[in-house]
Amino acid sequence: MEDTKKITVEKDEFSEWFIQMILKADLTDYTDVSGCLVFKPSAYAMWEKIKEEINNEFKKLEIKNVYFPLLIPEKLLKKEQKHLKGFAPEVAWVTHTGNNKLKERLAIRPTSEALMYKSYSKWVRSYKDLPLKLNQWNNVIRWEFKHPIPFLRTREFLWNEGHTVYATKEQAEKEEKQIIKIYKDFCENYLALPSLIGRKSKKETFPGAEYTTSMEFYMPNGKSIQGPDFHFDGQNFSKVYGIRFLDENENEKYAYQNTFAITTRILGIMFAIHSDKKGLILPPKMAQNKIVIIPIFSKKNEKQIIKKSQEIFEELKEFSPIIDKRKDYRPGFKFNEYELKGIPLRIEIGEKELIKKQVTLTQRNNNKKHSIKISELKKKIPKILEEMQLSLLKKAKKLLNANIERANKLNETIRLIKNKKIVIAPLCDSEKCEEILKYKSQGAKVLNISKEKIIENTKCIICNKKAKYFARIGKSY
């Protein structure tokens, strides 16, 4: 039987490779609405893993889950003009029910500040009501772009949106490190993804926020992409939506607020960075099924090999193994299928292995083979999986670090950007300079700002005035 599921292009042809990989690995499928995808069971299980682990960490911070409606009255969305301006091109509207036109348009949630903060203004009356720390796991619709890319840039996506309220600025800002640490630890320890963490420039700050801290990732095609982020909103929303409280001295004050999110985009980043020409490569911690057992048998030895394979299956239940006993597919076809789907470990058992009371175990990430005694499998597999997890993170760090360069001049910056690098270069904080940078570099922008201190007398690469910071610059999704 011919294997039609193989990927037909190299990873260097990134766009075509990525689309083939996610479709043939059975992660997603298109629908009749552009940019709105099906999350097939394997992909959705990974999202559930993200929700489970992040939820556990949120609960340690006493952040509670809620759910607010999908539809937002236009009058609420219009209350915060700066915020609405940032989302205006993205908002999808409900205008009719049946043949009847609504008196007021309803926005399909692009984000929930407007709706949630109307409620917050009723719930917060006293300092005793604070902090208020709520989060929801939901879907949003954002419609502004022409060319969706599955997982990476879609019109509908899933996310968490945390919305917290504090009595003081100091309390609110303290949360930044806590939330970013949760996201960073998860990305590194589960997704095997390193990132560049820093504050956004004024131009790139989330509409309505005082500042935004983002995690930026480097993709194999040379583009950067933003992952989880945190926004300190100060009193911007509380003043618009009337989130006020009486402090201990009976003085009325406006609250301070934060918002933060991780989205299903992070799955696309993980798929893109780790996978190869054969298909999906998953960090073991993100794989629902960590092992596939493939018995290799003939009519003569079928019963014995199937029996031993089943025993191994039962012994390794904690790793959620798959056992493939299909008779009408060759072993090679099965190997290709499970490599495509990214199962971390493949166990083969045939007559040779049966006689020696061992199996042949193959790692998906590097094709490394091991001959392991059946009696030692349960002991050795956790160590192999741990080594795979660490190896993927190390490889991703190498990719990131190899593509960061420094520049002190605009022409040098442009040359490096053309070579698909992230460039660290000095800038002032002028939005006009960022616009010039974007124009002259044909689309590059400030990803975020490095925490390193600016050296005295360092000049902005655009205007040659005193630089305020070292910016990370690159082309981005």
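General remarks:
- If you go through the range 196-246 and keep only what is outside any helix (DSSP H, G or I) and basic (Lys, Arg), you end up with Arg199, Lys200, Lys202, Lys203, Lys223, Arg244.
- Residue selected from the range 148-182 under the condition crowded, with 19+ Cβ neighbours inside 10 Å and of a type in the set (D, E, K, R), by the criterion nearest to Arg265 (Cα to Cα): Glu161
- Looking at Ala172, Ala209, Ala192, just one residue is on the phi > 0 side of the Ramachandran plot and aliphatic (A, V, I, L, M), and that residue is Ala192.
- Residues within the range 405-440 that are outside any helix (DSSP H, G or I) and either among the charged types (D, E, K, R) or surrounded by 16 or more Cβ atoms within 10 Å (Cβ to Cβ) (or both), tallied: 15
- Qualifying residues in the range 270-290 (those that are crowded, with 24+ Cβ neighbours inside 10 Å and under 12 Å from the mean Cα position of the chain (by Cα)) - the one nearest to Ser119 (Cα to Cα): Met270
- Set Ile374, Ile293, Ile322: member being surrounded by 14 or more Cβ atoms within 10 Å (Cβ to Cβ), farther than 26 Å from Met46 by Cα and of a type in the set (Val, Ile, Thr): Ile374
- Glu10 being touching a residue at least 24 places away in the same chain (Cβ under 8 Å), exposed (fewer than 15 other Cβ atoms within 10 Å of the Cβ) and in contact with a helix residue (DSSP H, G or I) (Cβ under 7 Å, 6 or more places away or on another chain): yes
- Among the residues of the range 128-147, those that are outside any strand (DSSP E or B) and surrounded by fewer than 18 Cβ atoms within 10 Å (Cβ to Cβ) comprise Lys128, Asp129, Trp143, Glu144, Phe145, Lys146, His147.
- No other residue among Asp229, Asp185 is under 24 Å from Leu400 (Cα atoms), charged (D, E, K, R) and buried (at least 17 other Cβ atoms within 10 Å of the Cβ) apart from Asp229.
- Scanning the range 221-275 for residues being among the aliphatic types (A, V, I, L, M) and touching a strand residue (DSSP E or B) at 6+ places or on another chain (Cβ under 6 Å) gives a total of 7.
- In this structure, Tyr338 qualifies as buried (at least 21 other Cβ atoms within 10 Å of the Cβ) and touching a strand residue (DSSP E or B) at 6+ places or on another chain (Cβ under 6 Å).
- Candidate set: the range 52-101, residues that are in contact (Cβ under 8 Å) with a residue 60 or more places away in the chain, loosely packed, with under 15 Cβ neighbours inside 10 Å and touching a helix residue (DSSP H, G or I) at 6+ places or on another chain (Cβ under 9 Å); chosen: the one farthest from Leu132 (Cα to Cα): Lys82
- Qualifying residue in the range 247-265 (condition: among the charged types (D, E, K, R), closer than 21 Å to Lys51 by Cβ and not in a strand (DSSP E or B)): yes
- One residue alone among Ala402, Ala444 is at pLDDT 95 or above, touching a strand residue (DSSP E or B) at 6+ places or on another chain (Cβ under 7 Å) and among the small types (Gly, Ala, Ser), and that residue is Ala444.
- From Ile384, Ile455, residue being closer than 28 Å to Met270 by Cα and of a type outside the set (Phe, Trp, Tyr): Ile384
- Scope the range 20-43; condition surrounded by 16 or more Cβ atoms within 10 Å (Cβ to Cβ) and part of a helix (DSSP H, G or I); matching residues: Gln20, Met21, Ile22, Leu23, Lys24, Ser42, Ala43
- Among the conditions (1) under 21 Å from Ile262 (Cβ atoms); (2) without any contact (Cβ under 8 Å) to a residue 24 or more places away in the chain, the only one that Trp137 does not satisfy is (2).
The values are calculated or read from the model by the stated rules, or taken from the named source; none is laboratory data. As the structure is a computational prediction, the values presented were derived from the model and not from experiment. Methodologically, a virtual Cβ is constructed for each residue, glycine included, from the backbone with ideal geometry; neighbour enumeration extends over all protein chains shown.
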